[in-house]
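Engineer: First, the structure itself, so that you have it in front of you.
The values are calculated or read from the model by the stated rules, or taken from the named source; none is laboratory data. Everything numeric here is computed off the predicted structure, so don't read it as measured data. Every residue, glycine as well, gets a Cβ built from its backbone with ideal geometry; the counts of neighbours run over all protein chains shown.
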Amino acid sequence: MFDFFTHFKIKHSDLPYMLVYLGIFTAVIVIGLLTVNMSTVILMAISCLPILILLLHYHFYRANETLAIQQQQKQQAYFSLFNLIDFKLPIPYMTGWAATPELALAIYEIIKTEQPSQIVELGSGISSLICAYGVEENKYGAVFSLDHDKNYSQKTKEILLQHGMEQHVTISYAPLKYQVIKGRECSWYDCSSANCPDNIDLLIVDGPPVKTQKQARYPALDYFYSKLSVSATIVVHDALREEEAAIVDEWLQRYPKFSKEIIHSEKGIAILRKQV
């Protein structure tokens with residue numbers, strides 16, 4: 001049933017009302033079957049159907065409206081990226097698990113305006129390339145990327161090499177392993193041979209994948225907090241997803257020096273800035 005709801009992009013805010021109405025509709029049919037004849041049950045069902053159809057129509061109207069806004073945001077982000085960055089070659093598609101155009105644009109704008117010296121990203125890919133272009137244009141800074149997937153990290157290296165950007169980014173294969181970070185058991189990047197830099201100005205949290213464990217990205221701030229610069233910025237992707245939203249809220253409670261800004265997009269982006 002939930003696959004059906006996901007397929008048709010039924011909003012969480014709509015779901016309770018639709019389930020309640022479907023429950024009432026089913027109860028009416030069952031009670032009718034037990035107490036009255038079949039023709040009456042059919043009449044009751046026909047009477048209820050228009051309301052159900054109206055609810056579904058309203059939902060699909062809202063879903064299409066939201067989708068149209070999201071597509072407009074993506075197109076605008078693409079347009080801005082290609083006007084701001086002089087890409088040497090075509091870039092990989094920003095679909096599926098890749099960084100969204102909105103995330104890429106947010107990262108680029110932060111790099112250009114804040115000019116971070118040390119950038120660390122969790123999860124390599126198109127974001128690594130965007131960071132590299134930003135650093136090259138600034139003529140300042142370095143990018144350090146961790147990836148738990150060896151094949152994907154190698155693919156990112158190849159993309160950087162094709163664009164002539166490999167000198168700006170260090171890609172480290174860091175498989176996930178069991179660790180205890182600040183008293184919390186978790187599966188986290190093995191940085192034993194990665195040489196993570198200190199004094200990080202920009203931390204981009206787009207990994208590990210959510211499927212690896214519950215609140216997979218929670219350890220990020222605990223692990224890197226001591227390495228952050230005094231005015232560090234943290235960018236969290238998928239910030240509208242329930243787990244990431246909860247993670248960001250818990251971080252803000254534990255580390256009150258950070259402010260929060262949310263960029264509303266298809267997946268959502270949270271920008272946390274450390275207050276001096």
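Engineer: Restricting to segment 129-165, count the residues that are aliphatic (A, V, I, L, M) and surrounded by fewer than 16 Cβ atoms within 10 Å (Cβ to Cβ). Please lay out each step first, then the result.
Structural biologist: Of segment 129-165, the ones aliphatic (A, V, I, L, M) are 129-130, 132, 135, 142-143, 146, 159-161, 165.
Right, trim to surrounded by fewer than 16 Cβ atoms within 10 Å (Cβ to Cβ) and you get 161.
Residues that pass the stated criteria total 1.
Engineer: Follow-up. Take residues that are in contact (Cβ under 8 Å) with a residue 40 or more places away in the chain and hydroxyl-bearing (Ser, Thr, Tyr) and tell me which of the helices (runs of 4 or more DSSP H) falling wholly in segment 90-184 contain 3 or more.
Structural biologist: On the way: elements: 101-114, 126-138, 150-162.
Per the criteria, 126-138.
Engineer: Determine if segment 190-201 includes at least one residue that is at pLDDT 95 or above and buried (at least 20 other Cβ atoms within 10 Å of the Cβ). Spell out how you get there, then give the answer.
Structural biologist: Taking segment 190-201 first, the residues at pLDDT 95 or above are 200-201.
So of that shortlist, the ones also buried (at least 20 other Cβ atoms within 10 Å of the Cβ) come out as 200-201.
Yes, that holds for at least one residue.
Engineer: When only residues in segment 77-108 that are surrounded by fewer than 18 Cβ atoms within 10 Å (Cβ to Cβ) and among the small types (Gly, Ala, Ser) count, which is nearest to SER153 (Cα to Cα)?
Structural biologist: ALA98
Engineer: Filter segment 192-227 down to the residues that are touching a Cys at 6+ places or on another chain (Cβ under 8 Å) and either outside the structural domain of ILE119 (by TED's automatic domain parsing) or of a type in the set (D, E, K, R) (or both) and list them by number.
Structural biologist: LYS227
Engineer: Continuing with this model, one more query. Test of understanding: among ILE204, ILE126, which residue is modelled with pLDDT of 95 or more, among the hydrophobic types (A, V, I, L, M, F, W, C) and surrounded by 15 or more Cβ atoms within 10 Å (Cβ to Cβ)? Please lay out each step first, then the result.
Structural biologist: Working: ILE126 fails: modelled with pLDDT of 95 or more.
Exactly one of ILE204, ILE126 is modelled with pLDDT of 95 or more, among the hydrophobic types (A, V, I, L, M, F, W, C) and surrounded by 15 or more Cβ atoms within 10 Å (Cβ to Cβ), namely ILE204.
Engineer: From the list ALA245, ALA239, which residue is under 22 Å from SER124 (Cβ atoms), among the small types (Gly, Ala, Ser) and without any contact (Cβ under 8 Å) to a residue 40 or more places away in the chain? Can you show your working first?
Structural biologist: On the way: ALA245 fails: under 22 Å from SER124 (Cβ atoms).
Going through ALA245, ALA239 in turn, the sole match is ALA239.
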